[in-house]
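Student: First the structure, then my questions, so here it is.
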Amino acid sequence: MIIINFKNYVVSEKSMELARRVYKYLPNAVVCVSAVDISYISYYLPKLKVYAQHVDFQEKGKTTGFVISEAVREQGAVGTLLNHSEHRLKFDEIKKTIKRCKGLKVILCASNVNEVRKFIMLKPYAIAYEDEKLIGSGKSITEYRSDEVKKFVSVLKGSGIIPICGAGVSSAKDVLASRELGCEGVLIASAIANVKKPEKLLRELRKI
């Protein structure tokens, strides 16, 4: 599983353009996009798996400014990221949000193995282990935290939760290394969403 987080590197037309490129080379990939772009991308690329970058636990009604799960689902999202290092939540908030995410697959981000142990009880679709110090650094977690990644995979074994790693993942080599460490997916952002020519990496990933 390859999950590409657009962050706010690209929005609107540029987000749509990048989504088209991703779909061309990696039609089975997941793209995590801004809430304002979900409907647009889902409409024109209905077979591409679109996730919200975040949702809130608030419900319909008097909840001005919050991104509710019903809204992103109705706009075409099939899942969401939660607790990314750039949008951290308290444990109770995560618990309430996952409960509200019926019909959405939740990829829950964790910054260390102790958090992973705590998150298992919440039963998300997947947990993405990311060392926030390596995010955007170009230093892959698969190389610089390989022992921790192995431990992370071991902790999730038998839970039914998909193990994913991210932070500094920027090459096909890193993706292959993640497989060898036991992960079933990677979370990539700047290496694709914040470069002028993402096709180079997209082509490499297609080959594997």
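Student: Please enumerate the residues belonging to segment 177-194 that are without any contact (Cβ under 8 Å) to a residue 40 or more places away in the chain and either charged (D, E, K, R) or loosely packed, with under 14 Cβ neighbours inside 10 Å (or both).
Tutor: Correct list: R179, E180.
Student: Just give me the residues in segment 8-33 being within 20 Å of K196 (Cβ to Cβ), surrounded by 18 or more Cβ atoms within 10 Å (Cβ to Cβ) and under 14 Å from the mean Cα position of the chain (by Cα), in sequence order.
Tutor: A29, V31, V33
Student: Something else about it: For K99, state whether it is more than 29 Å from R21 (Cα to Cα) and either surrounded by fewer than 15 Cβ atoms within 10 Å (Cβ to Cβ) or modelled with pLDDT under 95 (or both).
Tutor: Taking the combined requirement at face value, the residue satisfies it.
Student: Which one is farthest from G65 (Cα to Cα) among residues in segment 40-51 that are within 18 Å of the chain's Cα centre (by Cα) and without any contact (Cβ under 8 Å) to a residue 40 or more places away in the chain?
Tutor: K47
Student: Is there a residue in segment 2-16 that is farther than 26 Å from C165 by Cβ, charged (D, E, K, R) and either modelled with pLDDT of 95 or more or part of a loop (DSSP other than H, G, I, E, B) (or both)?
Tutor: Checked against the condition, which is being farther than 26 Å from C165 by Cβ, charged (D, E, K, R) and either modelled with pLDDT of 95 or more or part of a loop (DSSP other than H, G, I, E, B) (or both), segment 2-16 yields at least one hit.
Student: Which one of the conditions (1) more than 15 Å from H84 (Cα to Cα); (2) of a type outside the set (G, A, S); (3) touching a strand residue (DSSP E or B) at 6+ places or on another chain (Cβ under 8 Å) does P124 fail to meet, given that it meets all the rest?
Tutor: (1)
Student: Return yes or no: is G160 small (G, A, S), more than 16 Å from the chain's Cα centre (by Cα) and closer than 30 Å to V22 by Cα?
Tutor: Criteria met by G160.
Student: Could you check I192 against (1) touching a Pro at 6+ places or on another chain (Cβ under 9 Å); (2) modelled with pLDDT under 95; (3) under 15 Å from R21 (Cα atoms) and say which number it fails?
Tutor: (2)
Student: Same structure again: Taking segment 1-23 on its own, how many of its residues are of a type outside the set (S, T, Y) and touching a residue at least 60 places away in the same chain (Cβ under 8 Å)?
Tutor: 11
Student: Only one of A52, A71, A77 is of a type in the set (G, A, S), surrounded by 16 or more Cβ atoms within 10 Å (Cβ to Cβ) and out of contact with any helix residue (DSSP H, G or I) (no Cβ under 6 Å at 6 or more places or on another chain). Can you tell me which?
Tutor: A71 is the lone residue from the list that is of a type in the set (G, A, S), surrounded by 16 or more Cβ atoms within 10 Å (Cβ to Cβ) and out of contact with any helix residue (DSSP H, G or I) (no Cβ under 6 Å at 6 or more places or on another chain).
Student: Taking the stated definitions as given, is G61 under 19 Å from H87 (Cα atoms) and of a type in the set (G, A, S)?
Tutor: No.
Student: What's the number of the condition K60 fails, among (1) modelled with pLDDT under 95; (2) at positive phi?
Tutor: Here K60 meets the rest and fails (2).
Student: Anything in segment 157-176 that is within 17 Å of L108 (Cα to Cα) and surrounded by fewer than 18 Cβ atoms within 10 Å (Cβ to Cβ)? List them, or say none.
Tutor: Passing the criteria: K157, S159, G160, I162.
Student: Exactly one of these conditions fails for S154: (1) modelled with pLDDT of 95 or more; (2) surrounded by 16 or more Cβ atoms within 10 Å (Cβ to Cβ); (3) over 21 Å from V33 (Cα atoms). Give me its number.
Tutor: S154 satisfies every listed condition except (2).
Student: For segment 121-133, which residues satisfy the criterion of being among the hydrophobic types (A, V, I, L, M, F, W, C) and buried (at least 18 other Cβ atoms within 10 Å of the Cβ)?
Tutor: Answer for segment 121-133, where residues must be among the hydrophobic types (A, V, I, L, M, F, W, C) and buried (at least 18 other Cβ atoms within 10 Å of the Cβ): A126, I127, A128.
The values are calculated or read from the model by the stated rules, or taken from the named source; none is laboratory data. Since this is a predicted model, take the numbers as computed values, not measurements. With ideal geometry, Cβ positions are generated from the backbone for all residues, glycine too; neighbour counts draw on all protein chains shown.
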